1. Just how far, in whole angstrom, is the stretch 14-36 from the stretch 37-112 if you go by their alpha carbon centroids?
2. Using Cα positions and a limit of under 15 Å, work out the aspartates and glutamates in reach of residue 27, with same-chain residues fewer than 8 apart set aside.
3. Test of understanding: what is the full-extension gain from residue 13 to residue 115, defined as 0.36 nm times their sequence separation minus their Cα-Cα distance?
4. What nm value, rounded to one decimal, do you get for the distance between residue 32 and residue 79 when each label is placed 7 Å out toward the C-beta?
5. Going toward the positive end of the dipole of the stretch 3-76, with +1 on Lys and Arg Cβ and -1 on Asp and Glu Cβ, which of 11, 40, 61 do you reach last?
6. Calculate one ³J(HN,Hα) per residue across the stretch 44-55 by plugging θ = phi - 60° into the Karplus curve 6.51 cos²θ - 1.76 cosθ + 1.60, and present them in order as whole Hz with x for glycine and proline.
7. What number, in nm² with one decimal, is the all-direction average of the projected area of the convex hull of the alpha-carbon atoms of the stretch 1-78?
8. For a quick check: with amide H placed at 1.01 Å from N, whose amide H comes under 5 Å from residue 81's, ignoring anything fewer than 5 positions away on the same chain?
Amino acid sequence: MAPLHRGKFAVVKKCLEKATGREFAAKFLRKRRKGEDCRLDIINEIAVLELAARSPHVVDLHEVYETPAEIVLVLECAAGGEIFQQCVAEQDEAFTEQDVIRLVRQILRGVGFLHQHNVVHLDLKPQNILLTSSSPLGDIRIVDFGLSRRVDAVREVREILGTPEYVSGVPLPSPRGRRQLWPTRGRGVCPFS
């Protein structure tokens, strides 16, 4: 079956539950990457997904399987695809203002749930926000918790992680010792364009 998504560290394929015919997304994660054992990172992702199971805006984890080389996460299939595709769609397929209001509220509720439970995603971007359906327009699901971290009052996250194009608008170290500020500005109806 053709991959739904191919990322840096994982491949996601559609799968069917034999007994019911229900569609799921199977995320295949290699346990070793570039010679390093990544099992703890995968276990962290599983723990975050289990913790977020009560949020309607985070993808559901259904099963976990382990092979000698991979760990497979069987996830809810968000058949509407990436919200990014709608952000760059032709005018007649683009979100309406009401759609954007509803979806941004859902994103904020999902992120708020994570933050209330001391989880930071660290790679939130339009490609990691999926839709349950495209027509009619469904609800959002936040996905890909591979870089996520649990934080507390004692431990800080001091790593710069994520996709460079979507790094938050905070001062970043500059090669010349000065700080650079990358402002984030909304352009039009879609907050990610």
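1. 14 Å
2. Reachable aspartates and glutamates: 17, 41, 45, 60, 63, 66, 70, 76, 144.
3. Values: separation 102, 0.36 × 102 = 36.72 nm, distance 2.90 nm.
Length gained between residue 13 and residue 115: 33.8 nm.
4. Inter-label distance under the simple model: 4.0 nm.
5. 11
6. Those phi angles translate into 4, 4, 4, 4, 5, 4, 5, 5, 8, 4, 7, 8 Hz.
7. Working: hull surface 23.2 nm².
For the stretch 1-78, the mean projected area of the Cα convex hull comes to 5.8 nm².
8. Result for residue 81 returns 131.
Only the coordinates and a few stated rules stand behind these numbers; no lab work does. Because the structure is predicted, anything quoted here is derived from the model rather than measured. Virtual Cβ from ideal backbone geometry, glycine too; neighbours counted across all protein chains shown.
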